[in-house]
Amino acid sequence: MSSRRRLKSISAEPEKHFVNMAEWLAMESTAEIKRMEERRRIQNTGDAEKSGETILDVVVTDEARGLGGHQLVTFKRRNETLRMPWHRLRVGAPVVVSPFQRDGKSETGVVSRKRNDSIQIALNRIPRGEVFRVDLTADEVTRQRQLAAIMTAKDSRGRLGHLRSILMGEKQPRFTDKPLDIDFKSELNESQKAAVKFALSAEDLAIIHGPPGTGKTTTVAELILQAIHRSEKVLACAPSNTAVDNLLDRLVRVGARVVRIGHPARITERLRNYSLDGLVEQHENTDVIKDMIREAEALFRQSEKWTRAKPQRGARESMKREAKRLMADAKRLERQAISSILDQADVICATTTFNPETLADRWFELAVIDEACQSTEPGCWVPLLRSEKVVFAGDHQQLPPTVLSSEAAQQGFAKSMMERQIELYGENVAKMLTVQYRMHHQIMNFSSSQFYDNELKAHPSVADHTLHEIDGIEPSKLPGQIMSFIDTAGAGWDEELEPNGLSKRNPNEAKLVVKKVQALLDAGLPKKDIAVIAPYAAQVRLLRDLFAGGGPEVDTVDGFQGREKEAVVISLVRSNSQNEIGFLADRRRMNVALTRARRKLIVIGDSSTLGIDEFYREFFEYIESISGYLTVWTENED
């Protein structure tokens, strides 16, 4: 099918597409509320915490005042001998803190820090009670912002209407043919330079496709610097706070004038001085504003006091009027400070679902949406409403957006806007980065052949690097294979359902994982350089228990998106006579898992179960071609 015919067929009903998005948002809201209600009904500690979205039986151990007037409250287990459970409450997650086992007022907040033995939450008020539970909660405010954005975009005219028509496939993207003379500020390879030039030549839309380890953030930061050099204002966004802060960190290091907007608790602690709240705290007006607020509060308190002496007529009303005037003046000065800070910035960094009111009516020549494939489409429309053109950066061959509603996902909600643009326009709007700086070439090659048309190349600095080169390593204790698969077929290591749960685990595989990790530790590799990845939460919980707090980082595939370790051990879990592999069939998820390792990758699984899928059959063939195939029966496989 020609690109013209394909374009027409995909964009036949753009208005219907916006209606669909609104319906998908409603489905997602319903699914999230239903899940939370089910979780709240579970009172048993062990069962309630299995979802990873609840922590029970915690007490307040510390309180501090944070930016923006928030209370930073630290919670630990009431029984200090117990570790915090494995959970999905990442920094920036919205939560509700409730009294445990009795009625009482709940407080909503945001996770601001997490440790192995504690969790810190930014709250408007310190909760009342002695023992609490913490639950992940629905972020309906964000969903309403997305809904408002897509409704605005649907009926837009002018420049926004033109951009919408391109994103809907009604018009072709345009690129300037003027030669670009660029003085690059960073050391880039040729594919990175080509991507920056290509994005700068776009008049409406461009995509930087960054496979694992190819320096996408470096490339995006260079693009932003070049846009600043052209006197453009840039709105730099990403769907997650972590991704935004990674980009913020890079821009700060290269000297860009940047402001990070959003809840202070959602911003990496060392970068909070670059947040809007942090910069307001440093502004010359702040001391005056604080004095005015204190005086206003004192007047309010004084006006409410009753004394034996009868106050003069109108005295209380006068005090209240003066207090209100002071508060109004303080707010006016604060707005002036905020406006001044935002006006002086070259780049505003934010998640894609920022509060539009913060930016007032500001307009940007360029919007950059990093990790765009992890955002549902409504999320992207929030920054698009105020942008001249957009550059998406990400990798549609890695994890798609997280969608709770299976019905919405099946109808198209799990397809990101970036992926849809690639389906519409293909290579006409995208440049792929082709040199990766993470993986040994053997670890890279399978992913390159399966997902990137064999175009990925390992940079010489990493192409042949091994664990042997790390200081403190005893080479004689290391296995010879860079990448290996340990086959458990025929061993009877069947998967099982977690007791009183729905997630799957494989105890025998977990024991072998511990053995392999211990071998790496014995060879001198620090545990901070090792990761254990399992696709099922039950296996993650089991492994964490087996390591008893003394092992490496253990998490699901989602938890390691965008990250890397020197050595990675993957437990695939599935082993059954029905050859059911569940969501292991999601090849993009496995692409993430297989590309986190820099120098050593060990995969453990049952070939007889997994081999039903062509992807895994080809993986086994590749493993055999590099002499990495082992079995649980192999003697001295280490």
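The values are calculated or read from the model by the stated rules, or taken from the named source; none is laboratory data. None of these values were measured; they are calculated from a predicted model. Cβ placement follows ideal geometry from the backbone for every residue including glycine, while neighbour counts extend to all protein chains displayed. These area figures cover heavy atoms from the full protein model, side chains too; ligands, DNA and RNA do not enter into them. Shrake-Rupley method; radii C 1.70, N 1.55, O 1.52, S 1.80 Å.
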Mind listing whichever residues of region 411-423 are touching a residue at least 60 places away in the same chain (Cβ under 8 Å) and buried (at least 21 other Cβ atoms within 10 Å of the Cβ)?
F413, M417, M418, Q421
Within region 1-52, how many residues turn out to be in contact with a Pro (Cβ under 9 Å, 6 or more places away or on another chain), modelled with pLDDT of 80 or more and of a type in the set (G, A, S)?
1
Scope region 183-206; condition under 24 Å from G255 (Cβ atoms) and open to solvent by 30 Å² or more (accessible area, probe 1.4 Å); matching residues
D183, F184, K185, S186, E187, K193, K197
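Do the conditions hold for G426, that is, is it surrounded by fewer than 22 Cβ atoms within 10 Å (Cβ to Cβ) and either out of contact with any His (no Cβ under 8 Å at 6 or more places or on another chain) or within 23 Å of K233 (Cα to Cα) (or both)?
Here the answer is yes, as G426 does meet what is asked.
Would you point out which residue out of A330, A309 is surrounded by 13 or more Cβ atoms within 10 Å (Cβ to Cβ) and at pLDDT below 95? Give the derivation first.
Working: A309 fails: surrounded by 13 or more Cβ atoms within 10 Å (Cβ to Cβ).
Being surrounded by 13 or more Cβ atoms within 10 Å (Cβ to Cβ) and at pLDDT below 95 holds for just one of A330, A309, which is A330.
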I612 passes all but one of (1) farther than 30 Å from S476 by Cβ; (2) free of Cβ contacts under 8 Å to residues at least 40 places away in the same chain; (3) in a helix (DSSP H, G or I); (4) open to solvent by 10 Å² or more (accessible area, probe 1.4 Å); which number fails?
(3)
Reported set for region 337-361 where residues are out of contact with any strand residue (DSSP E or B) (no Cβ under 8 Å at 6 or more places or on another chain), of a type outside the set (S, T, N, Q) and surrounded by 15 or more Cβ atoms within 10 Å (Cβ to Cβ) is A337, I338, P356
Residues of region 480-513 classified as under 25 Å from S627 (Cβ atoms) and either surrounded by fewer than 15 Cβ atoms within 10 Å (Cβ to Cβ) or of a type in the set (D, E, K, R) (or both), total:
4
Working only within region 539-553, note down all residues that are open to solvent by less than 10 Å² (accessible area, probe 1.4 Å) and free of Cβ contacts under 8 Å to residues at least 40 places away in the same chain.
Q539, L543
So V91 ticks every box in (1) assigned to a strand (DSSP E or B); (2) closer than 30 Å to T286 by Cα; (3) in contact with a Ser or Thr (Cβ under 7 Å, 6 or more places away or on another chain) but one. Which box is left unticked?
(1)
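Quick check, is V513 among the aliphatic types (A, V, I, L, M), within 29 Å of the chain's Cα centre (by Cα) and over 30 Å from G611 (Cβ atoms)? First the steps, then the outcome.
Values: among the aliphatic types (A, V, I, L, M): yes; within 29 Å of the chain's Cα centre (by Cα): yes; over 30 Å from G611 (Cβ atoms): no.
For V513, the condition - among the aliphatic types (A, V, I, L, M), within 29 Å of the chain's Cα centre (by Cα) and over 30 Å from G611 (Cβ atoms) - is not met.
If only one of A393, A408 is open to solvent by less than 30 Å² (accessible area, probe 1.4 Å), outside any loop (DSSP other than H, G, I, E, B), closer than 18 Å to N591 by Cβ and touching a helix residue (DSSP H, G or I) at 6+ places or on another chain (Cβ under 6 Å), which one is it?
Working: A408 fails: closer than 18 Å to N591 by Cβ.
When all the criteria are applied, what remains is A393.
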Residue selected from region 121-171 under the condition at pLDDT 90 or above, farther than 26 Å from I33 by Cβ and touching a strand residue (DSSP E or B) at 6+ places or on another chain (Cβ under 8 Å), by the criterion surrounded by the most Cβ atoms within 10 Å (Cβ to Cβ):
L167
Count - residues of region 567-589 that are touching a strand residue (DSSP E or B) at 6+ places or on another chain (Cβ under 9 Å) and assigned to a helix (DSSP H, G or I)
2
Restricting to region 445-466, what's the tally of residues that are part of a loop (DSSP other than H, G, I, E, B) and within 25 Å of the chain's Cα centre (by Cα)?
2
How many residues of region 411-444 are closer than 21 Å to L147 by Cβ and either part of a loop (DSSP other than H, G, I, E, B) or under 23 Å from the mean Cα position of the chain (by Cα) (or both)? The answer is 8
